[in-house]
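To start, the structure itself, in C-alpha cells.
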Amino acid sequence: MIDFEPSEEQALIIETVHQFAENEIRPRSRETDESGVPPQALLAAAHELGLVANGLPEAMGGGGARSALTGALIAEELGWGDMALALAILSPGLVGFPVADHGAESLRRRVLPGLLGPSFVPGSLALVEPRFDFDVFHPKTTARRDGDAYRIDGLKCHVPWLAGGRHVVVIACESEGTGSGAAGPLAAFVVERDAAGLRAEPEQNMGLCGLPTAELVLEGVRVPAESRLAASDADLRRLIDRGRIAIAATALGAARAAFEVARDYARQRETFGQPIATRQAIAFKLADMAIEIDGARLLVWEAAAALDAGAEAARQVRLAQDQTARVALVVADSAVQVFGGHGYIRDYLPEMSLRNLAGLASYEALALV
Amino acid sequence: MTIRFDLSEGSLRAQSHYRQVALDQMRPISRKYDLAEHALPREWVDYWWREGRFGAKGGAALANDGFVTICLQAEQLCWGDAGLYLRMPTPALGGSAVSAAGTKEQQAKFMAGFREVGGQPIWGAMAITEPHAGSDAAAIETTAEFDPATDEWILNGTKIFCTAGEGASTEPGGFVVVWATLDKAAGRAAIKSFVVPAGTPGMQLLGCEKKLGIRASDTATLRFENCRVPKDNLLGRAEVKKQEAAKAGEASSKDSSKDSSKDKGFKGAMATFDASRPIVAAMATGVGRAALEFLIEELARQGVVIRYDAPPRERTAIEKDVIEMEADLQAARLLTWRAAWMMNKGRPNNLEASMAKAKAGLAVTKITQKAVQILGPLGHSRKLLVEKWMRDAKINDIYEGTQQINQLIVARRILDYSSAVLR
C-alpha cells in the first residue's frame, strides 16, 4: 500500500548521511570546488560509512543491500552536502555495481576486493562522448572482437578520474566491421586505467569542479574477453537507468541546498525596512522552488521503487530525469536571483549550485546506485 | 513502513470501478451537459443516487488508505467529466464542514438524508465567497445575529460561487453551510458557519453563473434575507475568542489536522481546506489526464509514437512537450497522494495540501492548453472533448484557493511566517 515514509533503517541512513554531509562535506565544498582536489581524508571517512560497500554482494564482503531507492535517499543527502564530493564518494560504485551484477567470477575476484578494502579506491565509468548529439544507447565508441580479446576505440568525456583508481568501465557498441559508428548492441568492459592505448586528459568544466574528470582517448585498447561484462543490451540500459536515478537524486539534494540557503538569506536580507522574504515576489519564488523539489523527488522515488521491483521503468526514469534536470536548474537560478548581486559572488553557495546543476542532462552515468 | 507506490487492493478496485463509471455514465453525456448549461443531468444524478454512491460492488469500504481512495475516485470521475462530478448528489464541502466542526448530534441530523436508501437525490454545499470577498474570506460581510426571543440565528447577506448551491438550497433534505460574521469589527474570530437547510425561508436562489467550463455544475448566487435557523445550527461555539482575533489565522494555524479542528472557528473552517485541497488536486489530475491520454492516443493514430528513450537532441518538439506534460502530471498526482496519505495518518498536512493544489492546478491548466495547441483544429473543435477539458481544467487553479493563495500558504509554512508577516 502506498506509503511516503522511509523505513526505520532508511531513516537512520538518511540521518547518518545527512550529519556526515553537514559536518564533513559542506565545510569543504567551496575549497574543493576551487582546488579541484577532493580531500583524501574526507573520502576515507566517507568510505568508512560503507555507503557503496553496503550495496555490494555479501559473498565479496559487501552488505548485500542493493536498492535504487535507498541509494537515492543517500545520494540526495550527499548531494545536499556538495554535488561534486557526493559523486566522488559514490564513484567506487561506478565499477563495483556493474562488475557485481554482470562480471565473471574471476573478474569479480579481481576487482571487488579492492573496492571493499580498508582504504578508499575510486571507480570510473566512461559512457558520455563529447558531442552535442550523443545518444547514450548508441555510443560511437566501438568494441571489436580480436581473437580472445577485444579492441576498443573511441573518445569519452565526463569520466570521473580520481587519484588512486584502478579500473574504468567503458561502455561501447559492439562492432563487426571496420568502419566507425557501429550499430551493434551495447557492451561494457572493465579496463585497467594504465592499459596501453588509453590516454586520460584532465578536463576543465564549468561545474562539478571538485570532481576530477577526464577525457578518455581509447586507441586500440586491448582487453581480454574475460573483462567483458556478461550484460545484455537490456541489462546495460537498466544499469544506465540506475545511474540516471542516482544523478537525479544527487542533483535534487544540491537543489535543496540552494533552496535552503536562499530561504534563509531571504529571511535576513532587508530592503526598504523589511526582509525580502516578506515580499510576495520573493516568497512565491521560494514556494515554487519547494513545490517543484518535492514533486521531482516523488518522481525519483517512484522510478527508483520501480527499478527495485524489477519492473519496466524506462518511462518513469525518463520522466524523473527530465523533471529533475528542469527543476534543479530553475531552483539554482532562482537561488542566485534571490541572493541578487551576492548570488553572483563565489563567497556564497548559489553561483556554485548554478554551475553544478546546469547541463544536468550531460551528466549521464556519473554515479550508480 | 517503507516508501512504496503500489496501491492497496481496495484502492485498485475503486480505481477500476470508477473508471468504468466514468466511461459508461459520464463520457456519453459529457458534451450534452456542457451545452445544456445549468440543466439538471437527470440520468447522472439518478444513477449516482440509486447506485453510484454505494461504491464498487461488494462495498469497497474505506480502509486506512481512505483519503487516497477518495482522491482516486475524484481523479477517475473527473477524467469522466469534472462538471458532472461537481453535480453529484453528495454532502460535498458542506458535509466536510459538518464533519470537521459539527457535534455528533449535528452530524447525525444533517447527514442522515445522504445515507438514506431510496428517496430523492439531495445536495450539500458551502457558501463562503461574496461579491467583494473571495480569497480574503475574513472580509465577508454576511451577518449572523442571535435572536434570544426565538433562540434563532438571523442571517443576512449575499453569497456567490456556491458550488451545488442550486440543489443544496432547493431540494428538501439538503443544506448549505453559510459563513457569516457575528461582529464585523472582531475580524476572523467572529466568523462562524451555520447550517441552513434547503428551503429555509429567507434563503433565495438568485441564479447560476455562466462559466468558461464545468458548465454542468450549478454555481449559485444565494441571497439571505432575515433567514432564520435554529440556535443548534451553528457549527462550533458562538463565543468570539479574543486571542484568536489577535492572532493571525489561516496559514499560520499550526494545528490544522482534522482531529484538532473542532471549536476553532475560522481556523477550524480553514482546516477543512486541508482535506478538500488534495481532492481538488486529484480532480484536476483527472481532467489533465483525460486530455493527455487523448493526445497520446490521437498522436499514435496519426503514427506518432512518443519515444521515451530518444536522446534529447533527437526528440521532436511534440515528444518534448508530451514528456514534460507527463512528468508534471505525475508529479502533481504524487504530491496529491502524499497529502492524502498524511490525512490518513492524522498528520497536519496544511503545507502538503497546498503544494499539491498549487502544482496540480497549474500543471493541468498548462497540460490541457498545450493539448489544444498541439492538436490544432482537433483541439479547437467541439466535436471532440479536448477544448472542453481545457475550459474545465482552468477552474482548478482558481477555486479552493487560487494558485496565489496556495503559494502564499506554502511560503508562510516554509518561511515560518504568520499571515500578519507575509500578507
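The values are calculated or read from the model by the stated rules, or taken from the named source; none is laboratory data. From a predicted model like this one, the values you see are computed outputs, not experimental measurements. Glycine gets a Cβ as well: all are built from the backbone with ideal geometry, and neighbour counts include every protein chain shown. Side chains included, ligands, DNA and RNA excluded: accessible areas come from the protein's heavy atoms. Shrake-Rupley method; radii C 1.70, N 1.55, O 1.52, S 1.80 Å.
Observations on the structure shown:
- None of A:E192, A:E176 is outside the structural domain of A:G96 (by TED's automatic domain parsing), modelled with pLDDT under 95 and surrounded by fewer than 18 Cβ atoms within 10 Å (Cβ to Cβ) except A:E176.
- Contacts under 7 angstrom Cβ, first residue in segment B:332-347 being on the phi > 0 side of the Ramachandran plot, partner at pLDDT below 95, 6 or more apart: B:G346/B:S257; B:G346/B:D259
- Flag if B:G102 is of a type outside the set (F, W, Y) and away from chain A (no Cβ under 14 Å): yes
- Looking only at residues in segment B:210-237 that are closer than 30 Å to B:E37 by Cβ and among the acidic types (D, E), the one that is surrounded by the most Cβ atoms within 10 Å (Cβ to Cβ) is B:D218.
- Failed item in (1) within 14 Å of another protein chain (Cβ to nearest Cβ); (2) outside any helix (DSSP H, G or I), with A:G62 passing the rest: (1)
- A:L51 vs. criteria part of a loop (DSSP other than H, G, I, E, B) and either outside the structural domain of A:R244 (by TED's automatic domain parsing) or open to solvent by 30 Å² or more (accessible area, probe 1.4 Å) (or both): yes
- Criterion applied to A:V327, A:V336, A:V300 was being at pLDDT 95 or above, assigned to a helix (DSSP H, G or I), under 20 Å from B:Q404 (Cα atoms) and assigned by TED's automatic domain parsing to the domain that holds A:I245, and the one residue passing it is A:V327.
- Residues satisfying the stated conditions in segment A:288-319, i.e. of a type in the set (D, E, K, R), within 7 Å of chain B (Cβ to nearest Cβ) and free of Cβ contacts under 8 Å to residues at least 12 places away in the same chain: A:D294, A:R315, A:R318
- Scan of segment B:336-360 for residues that are among the aliphatic types (A, V, I, L, M) and either open to solvent by 10 Å² or more (accessible area, probe 1.4 Å) or not assigned by TED's automatic domain parsing to the domain that holds B:G286 (or both), ordered by number: B:M342, B:M343, B:L351
- Within segment A:273-287, the residues that satisfy the criterion of being more than 25 Å from A:A361 (Cα to Cα) and more than 7 Å from chain B (Cβ to nearest Cβ) are A:G273, A:Q274, A:P275, A:I276, A:R279, A:Q280, A:A281, A:I282.
- Some residue of segment B:141-152 being open to solvent by less than 60 Å² (accessible area, probe 1.4 Å), more than 22 Å from B:M111 (Cα to Cα), part of a strand (DSSP E or B) and among the acidic types (D, E): yes
- Residues within segment B:385-405 that are more than 8 Å from chain A (Cβ to nearest Cβ) and under 17 Å from B:N350 (Cβ atoms), tallied: 5
- Qualifying position, being open to solvent by less than 10 Å² (accessible area, probe 1.4 Å), hydrophobic (A, V, I, L, M, F, W, C) and outside the structural domain of A:H102 (by TED's automatic domain parsing), among A:L218, A:L155, A:L208, A:L198: A:L218
- Selection of segment B:304-335 for residues being open to solvent by 60 Å² or more (accessible area, probe 1.4 Å) and not in a helix (DSSP H, G or I) yields B:V305, B:R307, B:D309, B:T316.
- Flag if B:L235 is hydrophobic (A, V, I, L, M, F, W, C), modelled with pLDDT under 95 and closer than 27 Å to B:P89 by Cα: yes
- Of the candidates A:D264, A:D241, the single residue that is farther than 29 Å from A:L198 by Cβ and within 11 Å of another protein chain (Cβ to nearest Cβ) is A:D264.
- Residues satisfying the stated conditions in segment A:224-238, i.e. assigned to a helix (DSSP H, G or I), more than 14 Å from chain B (Cβ to nearest Cβ) and small (G, A, S): A:A225, A:S227
- The numbered conditions (1) more than 19 Å from A:T324 (Cβ to Cβ); (2) more than 10 Å from chain A (Cβ to nearest Cβ) are all true for B:R307 except (2).
- Counted residues, segment B:368-423 - those being over 25 Å from A:D294 (Cα atoms), open to solvent by less than 40 Å² (accessible area, probe 1.4 Å) and outside any helix (DSSP H, G or I): 3
- Hits in segment B:172-196 (condition: in a loop (DSSP other than H, G, I, E, B) and open to solvent by 10 Å² or more (accessible area, probe 1.4 Å)): B:P172, B:G173, B:L182, B:D183
- Residue in segment B:197-208 that is open to solvent by 20 Å² or more (accessible area, probe 1.4 Å), free of Cβ contacts under 8 Å to residues at least 12 places away in the same chain and within 16 Å of B:E145 (Cβ to Cβ) present: no
- For segment A:345-369, residues that are farther than 22 Å from A:A290 by Cα and in a helix (DSSP H, G or I) total 1.
- The single condition among (1) touching a strand residue (DSSP E or B) at 6+ places or on another chain (Cβ under 7 Å); (2) part of a loop (DSSP other than H, G, I, E, B) that A:S119 does not meet is (1).
- Residue tally, condition part of a helix (DSSP H, G or I) and surrounded by fewer than 18 Cβ atoms within 10 Å (Cβ to Cβ), over segment B:153-168: 0
- Single unsatisfied condition, B:E130 versus (1) open to solvent by less than 20 Å² (accessible area, probe 1.4 Å); (2) in contact with a helix residue (DSSP H, G or I) (Cβ under 6 Å, 6 or more places away or on another chain): (2)
- Considering (1) open to solvent by 10 Å² or more (accessible area, probe 1.4 Å); (2) part of a helix (DSSP H, G or I); (3) within 14 Å of chain B (Cβ to nearest Cβ), the lone condition that A:T16 does not fulfil carries the number (3).
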